[in-house]
Amino acid sequence: MRTFEDKILLALACVQELGLKKKTSLLESVNDVHELVSQGAKETVKSVLGDEAASEFFDCVARIDDIVKELEAKQVNFVTFLDDDYPERLFDIYERPQVLFFKGNKELLHKDSIAVVGTRKPTRYGAKIADEFAREFASAGLVVVSGFARGVDSTAHKACLSVDGETIAVFACGIDVCYPAENKGLYDAILAKGGLLVSEYPLGAKPLQYHFPDRNRIISGLARGVFLPEAAKNSGSLITMRLAIEQGKDIFITPGNIFMEEAAGSNELLKEMPHAMVFSAEDVLDAMRVNREVREKEPVELDFAETQIVDALHDDELHFEELLDITGLTVSELTNTLINLELNGIIQQLSGNYYTLA
């Protein structure tokens, strides 16, 4: 049963494009959430939010039951900072999310976890590190948290699922918006395999540029430690690392090729924090004092198309278009087949839409 306070916070979260600072300022202007809809609250709300956002807020309050029904229809739930099951680690971060929308296994919010972050355009070395480390983290029983973006994020989620591990994807848009669109197969797989999708943005919210830095504080906030395999100097993952440092998280970084721009940011951070250097997933697990869990993976039976792909990749790396010609599948069918093979740890996607055996 939802409390009235929960519904007020939900209404505030549903005001489109309302920044964190204004939401926080509004809540700090009252002693109790109830006061936001009291007889004399309108002027206070208008002065903090502005006329347009205030009008939208009161409209959301008026139709809050319909908003709740829409969430239920899309199998999306929410938790507020007033709830007992709000993630404890998020209480300690700056500008904690007032509301978290989620879809999937909510229990993951309370399990021991590590974030894996990095560049959207990793080198093969960076992608391999992200893949292998994420597999080891998941196999050891850690929940792997990442941001569902292209590159390292997607690699980490897929690697985790490939060993039947648990993963949380933190969105910079509404949970019903799959961004990037090519990750639809991953979106479905995370839910099918007991993972969790999380966002502080309401249904339909677009992945606007300023959402990503805000999202990053949740990625690091949910995790006990943060691992960075590779990042360029302008990578948004460096923002996540800075936030993690401010939040007092354990930081782990692998050294990258000094001649590669894709590793310049992580190498520079490593110069500042040499104690964060790790060379193996075991280094990270030992530092976090994680007891390994032994998990036996079920043998995978391949269908005809999957066998065709694996046989073809025995000889060389192949492009998506080449695999289309070999298999005769449609683009959608091949995409789903490749995702299944990735999730089972059989193949790996490389940059430029090439694939190779894992």
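Which angle between 0 and 90 degrees, to the nearest 10, do you get for helix 51-62 versus the longest principal axis of the chain when only C-alpha atoms count? The helix 51-62 is inclined about 90 degrees to the chain.
When the P(r) of the stretch 1-113 is calculated, the portion above 16 Å amounts to 61% of the C-alpha pairs. Note on His110 and Lys206: the extension gain reaches 31.8 nm, defined as 0.36 nm multiplied by sequence separation minus the Cα-Cα distance. The residues packed around Ser199, meaning those with a beta-carbon under 11 Å from its beta-carbon, carry a net charge of -1 if Lys and Arg are +1 and Asp and Glu are -1. The portion of the accessible surface of the stretch 170-292 made up by carbon and sulfur, rounded to a whole percent, is 54 (1.4 Å probe; DNA, RNA and ligands excluded).
In percent, rounded to a whole number, the relative contact order of the stretch 181-266 is 26, using alpha-carbon pairs under 8 Å and six or more apart. Counting only other residues whose beta carbon sits under 12 Å from that of Met260, what net charge do I get with K and R as +1, D and E as -1? Every neighbour counted, the sum reads 0. Put simply, the amide H of Lys233, placed in the peptide plane, has neighbours under 5 Å in Ala264, Gly265, leaving out anything fewer than 5 places away on its chain. Here the gap between Leu82 and Arg242, fully extended at 0.36 nm per residue and compared with their Cα-Cα distance, gives a gain of 54.8 nm.
Dipole orientation for the stretch 212-343: of the candidates Pro299, Ser280, Leu269, Leu269 has the Cα lying most toward the positive pole (charges on Cβ; Lys, Arg +1; Asp, Glu -1). Can you give me the angle between helix 211-222 and the longest principal axis of the chain, using Cα atoms only, in degrees from 0 to 90, rounded to the nearest 10? It works out to around 80 degrees.
Ser55 sits among other residues whose Cβ lies under 15 Å from its own Cβ, and their net charge, with Lys and Arg +1 and Asp and Glu -1, is -2.
When a/c is below 1.5 the answer is rounded, else prolate if a/b is larger than b/c, else oblate, so apply that to the stretch 1-63 with a ≥ b ≥ c taken from the square roots of the Cα gyration tensor eigenvalues. Judged from the Cα gyration tensor, the stretch 1-63 comes out rounded (a/c under 1.5). With the simple model of a label 7 Å out from the Cα in the direction of the Cβ, Lys121 to Glu321 spans 2.0 nm. Only Lys, Arg, Asp and Glu carry charge here, each on its Cβ (+1 for the first two, -1 for the last two); on that basis the chain has a dipole of about 940 debye about its Cα centre. Working from the Cα coordinates of the chain, the gyration tensor eigenvalues give, after taking √(5λ), semi-axes of 38, 24, 18 Å in decreasing order. Compute the long axis of helix 64-73 from its Cα atoms, compare it with the longest principal axis of the Cα atoms of the chain, and write down the angle in degrees, 0 to 90, nearest 10. Between helix and principal axis, roughly 20 degrees. The residues of the chain expose, per residue, 47 Å² of accessible area to a 1.4 Å probe. Would you mind pulling out the separation of the Cα centroids of the stretch 252-330 and the stretch 1-69, in Å? Rounded to whole Å, the Cα centres lie 44 Å apart.
Whole-Hz Karplus values for the stretch 176-187 come out as 7, 10, 8, 10, x, 4, 5, 8, 4, x, 5, 3 Hz, taken residue by residue from phi with 6.51 cos²θ - 1.76 cosθ + 1.60 and θ = phi - 60°; glycine and proline positions read x. For the stretch 22-32, 3J(HN,Hα) computed residue by residue from phi via the Karplus equation (6.51, -1.76, 1.60; θ = phi - 60°) reads 5, 4, 5, 4, 5, 5, 6, 7, 10, 7, 8 Hz, glycine and proline entered as x. I need the shape label for the stretch 160-228. Rule: rounded when a/c is under 1.5, else prolate if a/b > b/c, else oblate, with a, b, c from the alpha carbon gyration tensor. Oblate shape, in that a/c is at least 1.5 and b/c is the bigger or equal ratio.
Taking the Cα centre of the stretch 86-220 as origin and assigning +1 to Lys and Arg Cβ atoms and -1 to Asp and Glu Cβ atoms, the resulting dipole is close to 400 debye.
Label reach from Glu182 (point 7 Å along Cα→C-beta): in the stretch 120-150, amide nitrogens under 14 Å belong to 120-122, 149-150.
The values are calculated or read from the model by the stated rules, or taken from the named source; none is laboratory data. Fair warning: this is a prediction, and the values are worked out from it, not measured in the lab. FYI the Cβ positions are ideal-geometry reconstructions off the backbone, even for glycines, and counts take in every protein chain you see. Surface areas here come from the heavy atoms of the whole protein model, side chains and all, with no ligands, DNA or RNA. Shrake-Rupley method; radii C 1.70, N 1.55, O 1.52, S 1.80 Å.
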